[in-house]
Amino acid sequence: DAGVTQSPTHLIKTRGQHVTLRCSPISGHKSVSWYQQVLGQGPQFIFQYYEKEERGRGNFPDRFSARQFPNYSSELNVNALLLGDSALYLCASSLGQISYEQYFGPGTRLTVT
Amino acid sequence: GDSVTQMEGPVTLSEEAFLTINCTYTATGYPSLFWYVQYPGEGLQLLLKATKADDKGSNKGFEATYRKETTSFHLEKGSVQVSDSAVYFCARGSGSSNTGKLIFGQGTTLQVKP
């Protein structure tokens, strides 16, 4: 069975640009969560979407937004990129809205120069 | 606020040594607790979990017991292998009624030498 897939694998952007990251959950999973992992730290929760609606938002500025599509895939958008946005962005899928047993993708490494 | 604290790394051990990685959490209520492992260049993999006090999670020789008295969930393995070298993250569920948000510790790097 395919696991969680994310694209692209790596991305280099310039300050002020915007970026879109994509995630496809495990088949049958309806919840997608996004996490930011800065080098040397644990993942920080950004968003959770379940059944195409936002169910949770972490302490991130409004430059960060996301959405979930009818096939349960998801996009994370970041506008007006800052150097501090450089990180590994992880997507996790789970069966239900309150399911903590989450399956992570390999991540997208974003570098902002 | 809710948080998870892990022991500082890196932890360097010889093969077949005993491993303990300490993890404590702050909590209102009784959150679900997890250990995730991240191998170089990969995403996180769920290693084990415990959902209530005194539960013991186990997988691949790793164990952790949910201790509500000490708010701890220490990871142990009796005999580590070189292939166990990775970063280990302790995490707790947020306890929210409407989101499956996970709260992670900062991670502990384990290096096992032959």
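The values are calculated or read from the model by the stated rules, or taken from the named source; none is laboratory data. Just so it is clear, the structure is predicted and the values come from calculations on it, not from any experiment. Virtual Cβ from ideal backbone geometry, glycine too; neighbours counted across all protein chains shown.
Can you pull out every residue in the stretch A:55-103 that is modelled with pLDDT of 95 or more, aromatic (Phe, Trp, Tyr) and in a strand (DSSP E or B)? Once the filter is applied, which keeps residues that are modelled with pLDDT of 95 or more, aromatic (Phe, Trp, Tyr) and in a strand (DSSP E or B), the stretch A:55-103 yields A:PHE64, A:TYR89. Here A:GLN36 qualifies as under 27 Å from B:TYR39 (Cβ atoms), crowded, with 17+ Cβ neighbours inside 10 Å and more than 10 Å from every other protein chain (Cβ to nearest Cβ). Residues considered: A:GLY96, A:GLY84. Of these, the only one that is surrounded by fewer than 17 Cβ atoms within 10 Å (Cβ to Cβ), at the interface with chain B (Cβ under 10 Å from one of its Cβ atoms), more than 14 Å from the chain's Cα centre (by Cα) and not acidic (Asp, Glu) is A:GLY96. Only a single item in (1) in a loop (DSSP other than H, G, I, E, B); (2) within 26 Å of A:ARG109 (Cβ to Cβ); (3) at pLDDT 90 or above is not met by B:PHE34, and it is number (1).
Within the stretch B:36-45, can one find any residue that is surrounded by fewer than 19 Cβ atoms within 10 Å (Cβ to Cβ), within 11 Å of another protein chain (Cβ to nearest Cβ), at positive phi and free of Cβ contacts under 8 Å to residues at least 24 places away in the same chain? Yes, the stretch B:36-45 contains at least one residue that is surrounded by fewer than 19 Cβ atoms within 10 Å (Cβ to Cβ), within 11 Å of another protein chain (Cβ to nearest Cβ), at positive phi and free of Cβ contacts under 8 Å to residues at least 24 places away in the same chain. Tallying residues that are under 12 Å from the mean Cα position of the chain (by Cα) and either assigned to a loop (DSSP other than H, G, I, E, B) or within 18 Å of B:GLY107 (Cβ to Cβ) (or both) within the stretch B:45-55 yields 5.
When restricted to residues that are surrounded by 13 or more Cβ atoms within 10 Å (Cβ to Cβ), more than 19 Å from B:LYS68 (Cβ to Cβ) and either among the charged types (D, E, K, R) or modelled with pLDDT under 95 (or both), the stretch B:10-25 contains 1. Here A:GLU75 meets the list (1) within 14 Å of chain B (Cβ to nearest Cβ); (2) of a type in the set (D, E, K, R); (3) within 17 Å of A:ILE26 (Cα to Cα) almost entirely, failing just condition (1).
Count of the stretch B:56-114 residues, restricted to those that are hydroxyl-bearing (Ser, Thr, Tyr), outside any loop (DSSP other than H, G, I, E, B), within 14 Å of chain A (Cβ to nearest Cβ) and surrounded by fewer than 20 Cβ atoms within 10 Å (Cβ to Cβ), is 1. Screening B:TYR88, B:TYR66 for residues that are over 19 Å from B:GLU8 (Cβ atoms) and of a type outside the set (A, V, I, L, M) leaves exactly one candidate, B:TYR66.
One residue alone among A:VAL112, A:VAL19 is more than 17 Å from B:GLN38 (Cβ to Cβ), β-branched (Val, Ile, Thr), surrounded by 13 or more Cβ atoms within 10 Å (Cβ to Cβ) and over 13 Å from the mean Cα position of the chain (by Cα), and that residue is A:VAL112.
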